[in-house]
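Data block below; observations after.
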């Protein structure tokens with residue numbers, strides 16, 4: 001899932017966070033500013049509208065930062081680049097529908113989960129695909145390169161299976177009829193379905209093949225603990241006081257399930 005960062009700041013007063021890059025200090029403000037990076041190409045999580053980065057993730061982290069007494073500077077980068085920005089400390093945090101995985105935990109610090117999702121399959125209505133197992137019957141399947149959808153699909157079909165088309169153009173491939181199916185996050189697939197009603201696409205769920213995913217904010221593993229603690233506290237408050245439901249309804253046009261809210265509120 002999915003551009004160049006502004007020059008950063010020098011070391012702030014005690015208790016402040018390091019800004020991106022090096023150079024001029026951040027302007028004086030009653031709120032300490034944190035630099036957040038995202039990959040703004042996944043509507044409705046984060047995308048560009050009128051030259052501005054908007055979306056569910058953006059509203060959520062802005063609200064969490066506000067409650068923590070912070071302000072945000074949010075910049076756009078490529079999917080692989082957001083991880084590099086955190087590794088080299090040119091950003092304080094990244095939010096971009098990033099799934100929490102054990103492999104990623106080895107390199108990054110994760111927030112508590114703020115979103116629960118699952119992988120699904122999207123195919124033309126006339127397709128004979130009814131489950132993930134059916135993808136093994138000579139089907140070509142597109143998936144975004146580097147996504148957790150790729151991990152799930154490779155686990156099912158084999159890492160070097162030539163039928164898996166790993167590409168940033170996976171959406172265009174299913175729309176253009178170049179592949180039989182596309183595997184991705186359910187919210188992304190619902191967006192594709194709504195955006196291209198004339199394509200008559202259907203979504204297939206197979207929770208046995210694709211287990212639920214938990215999205216988190218990432219921070220530098222060595223220096224992100226203080227910021228993580230502040231934003232985790234704010235995220236819990238956002239869920240418990242109903243703000244999360246309002247943001248969810250705003251961007252997804254539906255309410256989150258009660259069991260999901262209970263898990264996120266812990």
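The values are calculated or read from the model by the stated rules, or taken from the named source; none is laboratory data. Given the structure is predicted, the values throughout are model-derived calculations rather than measurements. For neighbour counting, all protein chains shown are included, and Cβ atoms are generated from backbone atoms with ideal geometry for every residue, glycine included.
For segment 132-155, residues that are on the phi < 0 side of the Ramachandran plot, in contact with a strand residue (DSSP E or B) (Cβ under 9 Å, 6 or more places away or on another chain) and either buried (at least 20 other Cβ atoms within 10 Å of the Cβ) or at pLDDT below 95 (or both) total 15. Give the residue that is modelled with the lowest pLDDT, with candidates limited to residues of segment 39-64 that are under 13 Å from the mean Cα position of the chain (by Cα) and in a loop (DSSP other than H, G, I, E, B). Filtering segment 39-64 for residues that are under 13 Å from the mean Cα position of the chain (by Cα) and in a loop (DSSP other than H, G, I, E, B), the one modelled with the lowest pLDDT comes out as 43.
Could you please give the count of residues in segment 239-256 that are in a loop (DSSP other than H, G, I, E, B) and over 28 Å from residue 49 (Cα atoms)? Talk me through it step by step, then tell me what you get.
Just the residues of segment 239-256 that are in a loop (DSSP other than H, G, I, E, B), to begin with: 241-242, 253-256.
Going one step further and asking which of them are over 28 Å from residue 49 (Cα atoms), we end up with 241.
Count: 1.
Looking only at segment 98-110, decide whether some residue is in a loop (DSSP other than H, G, I, E, B) and in contact with a helix residue (DSSP H, G or I) (Cβ under 6 Å, 6 or more places away or on another chain). Checking segment 98-110: not a single residue is in a loop (DSSP other than H, G, I, E, B) and in contact with a helix residue (DSSP H, G or I) (Cβ under 6 Å, 6 or more places away or on another chain).
How many residues does segment 103-122 contain that are more than 12 Å from residue 213 (Cα to Cα) and surrounded by fewer than 23 Cβ atoms within 10 Å (Cβ to Cβ)? Let's see the steps before the verdict.
Here is the first cut: in segment 103-122, the ones more than 12 Å from residue 213 (Cα to Cα) are 103-112, 121-122.
Next, from what is left, pick out any that are surrounded by fewer than 23 Cβ atoms within 10 Å (Cβ to Cβ): 103-110, 112.
Total satisfying the criteria: 9.
Residues that are in a strand (DSSP E or B) and at pLDDT below 95 were ranked within segment 205-217; the one that is farthest from residue 114 (Cα to Cα) is 213. Across segment 242-263, the qualifying residues are those that are farther than 22 Å from residue 190 by Cα and outside the structural domain of residue 57 (by TED's automatic domain parsing), and the one among them that is surrounded by the most Cβ atoms within 10 Å (Cβ to Cβ) is 263. Being assigned by TED's automatic domain parsing to the domain that holds residue 248, at pLDDT 95 or above and over 26 Å from residue 211 (Cβ atoms) is a property that residue 94 lacks. Suppose the filter is in contact with a strand residue (DSSP E or B) (Cβ under 6 Å, 6 or more places away or on another chain) and over 16 Å from residue 111 (Cβ atoms); does residue 256 pass it? So residue 256 does not fit the description; no. Just so you know, in segment 26-38 the residues that are modelled with pLDDT of 95 or more and out of contact with any helix residue (DSSP H, G or I) (no Cβ under 8 Å at 6 or more places or on another chain) include one that is nearest to residue 145 (Cα to Cα), and it is 35.
Of all residues in segment 151-189, which are assigned to a loop (DSSP other than H, G, I, E, B) and either over 22 Å from the mean Cα position of the chain (by Cα) or within 20 Å of residue 100 (Cβ to Cβ) (or both)? Walk me through how you get there before you give the answer.
Taking segment 151-189 first, the residues assigned to a loop (DSSP other than H, G, I, E, B) are 158-163, 167-169, 176-180.
Of everything in segment 151-189, those that are assigned to a loop (DSSP other than H, G, I, E, B) and either over 22 Å from the mean Cα position of the chain (by Cα) or within 20 Å of residue 100 (Cβ to Cβ) (or both) turn out to be 158, 159, 160, 161, 162, 163, 176, 177, 178, 179, 180.
Considering only residues that are part of a loop (DSSP other than H, G, I, E, B) and in contact with a strand residue (DSSP E or B) (Cβ under 8 Å, 6 or more places away or on another chain), which ones fall in segment 65-97? If you could, list the steps in order and put the result at the bottom.
Restricting attention to segment 65-97, the residues satisfying the condition of being part of a loop (DSSP other than H, G, I, E, B) are 68-69, 77-78, 88-92, 95-97.
Residues satisfying the conditions are 69, 77, 89, 90, 91, 92, 95, 96, 97.
Screening residue 191 with (1) exposed (fewer than 14 other Cβ atoms within 10 Å of the Cβ); (2) not assigned by TED's automatic domain parsing to the domain that holds residue 98 gives one miss only, at (1).
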